[in-house]
Amino acid sequence: MSLPKSGRYCVIGAGAAGLAAAKSILDVGCDQLVVYEQTDQVGGTWVYTDSVGSDHHGLPIHGSMYSGLWTNLPKEVMGFPGYEMPTQRRSYIHSSEVLEFMKSYAGNFHVVDYVKFEHLVEQVKPVGDRQWEVIVK
């Protein structure tokens, strides 16, 4: 599917998929883009926290990482198209290195400029042909 340049686009989440989607939108020349991220940084599941309980939105804190986690995939298959992981001796890297790579990707392609941090998407509903209403807190 091709994207019209004149559209307004919303991406929910600044994890790997959200960053890649946002870059694809920017690549077609559209700059009417917003990426809503409920936390204070890009990285999605690669963000480690030892916090428990609820976040400031009242949602349960969920973390898939633990402090000593190393990838179970070689870094050679974890890059983005046109932006590969840095070359180094080892193929299996620490989760913090994956997070730094994602931050680098977001910065290098200026995706981070379109991210609204600490914004929780509460509802998305269709309001017409190819149009959506996005309710954000």
Note the angle between two axes, namely the Cα long axis of helix 16-27 and the longest principal axis of the Cα atoms of the chain, as a number of degrees from 0 to 90, rounded to the nearest 10. 50 degrees
Dipole of the chain [Lys/Arg +1, Asp/Glu -1 at C-beta], most positive-end residue of G107, I61, Y83: Y83
Let me confirm the definition first: pairs of Lys residues in the chain, 8 or more apart or on different chains, C-alpha distance under 18 Å. How many are there? 7
Given 0.36 nm per residue, what is the gain on full extension from T45 to N72 after removing their alpha carbon distance, in nm? 8.3 nm
DSSP-defined antiparallel bridges as percent of all bridges, segment 9-136, nearest 5: 55 percent
Could you give the angle, 0 to 90 degrees to the nearest 10, between helix 95-108's Cα long axis and the longest principal axis of the Cα atoms of the chain? 40 degrees
Evaluate the Debye formula for the chain with equal point scatterers sitting on the alpha carbons, no solvent, and hand back log10 of I(q)/I(0) at q = 0.08, 0.13, 0.16 Å⁻¹, in q order, two decimals. -0.25, -0.64, -0.91
Other-chain or far-sequence residues with amide H under 5 Å of K116's (modelled H): V35, Y36, E37
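No lab work stands behind these numbers, since they all come straight from the coordinates. Keep in mind it's a predicted model, so treat the numbers as computed, not measured. Positions of Cβ are generated from backbone atoms using ideal geometry, with glycine treated the same way; all protein chains shown enter the neighbour counts.
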